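Only the coordinates and a few stated rules stand behind these numbers; no lab work does. Because the structure is a prediction, the values reported are computed rather than measured. So basically every Cβ, Gly included, is an ideal-geometry build from the backbone, and we count neighbours across all protein chains shown.
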Amino acid sequence: METTDLHEREEKKNLAILGQEAEVAYQMRNLLMVIGGFAIRLARQIQEPKCKEYAEIIVQETKKSEFALNELLKVINGTQTGDIKLPLGKKPF
C-alpha cells in the first residue's frame, strides 16, 4: 500500500513537471510567433539588400524554432513517439 502511494505521488509530480514544461514551450512558441511576424513585415519593407537578408534569416530561423517547439509539445503531450526530425539545415552565417 505504501508503495502504491509513493508511485501515485511520483506520477502526480511527473505530470506537474510536464505541465510546467508545456507551459514554458507554449510561451516560447508565442514569443517566436511575434518575432517571426515582425521579421516578415520588416523583410517585406526593407529595401537595403543586406538588411533584407538578415530579416529573412530571422524569419527562417524563427520558423525552425517554432517547428522544434511544436515537436517538443507533441512529446510532452504524448502524441509524438519515436525520433523527432528537426529542420536544422545550414547555419545562417
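Taking amide H as placed 1.01 Å from N in the peptide plane, the amide H of residue 46 sits under 5 Å from none that are at least 5 places away or on another chain.
Which whole-number percentage describes the relative contact order of the range 2-77, with Cα contacts under 8 Å and a sequence gap of 6 or more?
Computed over the range 2-77, the figure is 38 percent.
Note on the range 2-77: Cα-Cα pairs beyond 19 Å make up 53% of the total pair count.
Listed values for the range 64-73 are Karplus-derived 3J(HN,Hα) couplings in whole Hz (6.51 cos²θ - 1.76 cosθ + 1.60, θ = phi - 60°), namely 4, 5, 4, 4, 4, 5, 4, 5, 4, 5, and x replaces Gly and Pro.
Could you list 21, 48, 61 so that the one with the fewest beta carbons within 10 Å of its beta carbon is first and the one with the most is last?
Ordered by Cβ neighbours within 10 Å, fewest first: 48, 21, 61.
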